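Following: one structure in structure tokens, then a few remarks.
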Amino acid sequence: MDLSEPELLELFDAVCEVRGNQELLEYWVRCLALNTGDDRISDLIFWPEQYFGAGYDGRELNPAEMLEVVLSKRRAEGTQ
């Protein structure tokens with residue numbers, strides 16, 4: 001799968017707004033993980049303190065900010 005940024009944002013929105021049942025939400029999270037290359041995407045969405053560790057500032061990220069976090073991480077890993 002190769003989803004566009006708008007499609008990824010739509011998935012983040014759907015998960016954050018709990019638009020589906022448990023199975024659908026799990027599927028969407030798996031799609032996000034596969035398309036972003038971030039296998040810790042569920043931590044980012046549901047447990048940001050675990051995702052960021054000591055660097056977590058306590059604020060809740062909106063879906064657009066979450067997308068930017070994973071895209072920035074992917075860009076940074078691509079330059080290494």
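Readers should treat all values here as calculations from the given coordinates under stated rules, not as data from a laboratory. If you're wondering where the values come from, they're calculated on a predicted model, not measured in any experiment. Cβ placement follows ideal geometry from the backbone for every residue including glycine, while neighbour counts extend to all protein chains displayed.
For (1) acidic (Asp, Glu); (2) within 18 Å of Arg75 (Cα to Cα); (3) touching a residue at least 24 places away in the same chain (Cβ under 8 Å); (4) assigned to a loop (DSSP other than H, G, I, E, B), each residue gets a yes or a no:
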residue	(1), (2), (3), (4)
Leu24	no, no, no, no
Arg30	no, no, no, no
Asp43	yes, no, no, no
Glu60	yes, no, no, yes
Ala64	no, yes, yes, no
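Restricting to the stretch 35-64, name every residue that is more than 9 Å from the chain's Cα centre (by Cα) and closer than 18 Å to Val18 by Cβ.
Hits for the stretch 35-64 are Phe46, Trp47, Pro48, Glu60, Leu61, Asn62, Ala64.
So Leu3 clears everything in (1) in contact with a Leu (Cβ under 8 Å, 6 or more places away or on another chain); (2) without any contact (Cβ under 8 Å) to a residue 40 or more places away in the chain; (3) within 14 Å of Lys73 (Cβ to Cβ) except one condition, right? Which one?
Of the numbered conditions (1) in contact with a Leu (Cβ under 8 Å, 6 or more places away or on another chain); (2) without any contact (Cβ under 8 Å) to a residue 40 or more places away in the chain; (3) within 14 Å of Lys73 (Cβ to Cβ), the odd one out for Leu3 is (3).
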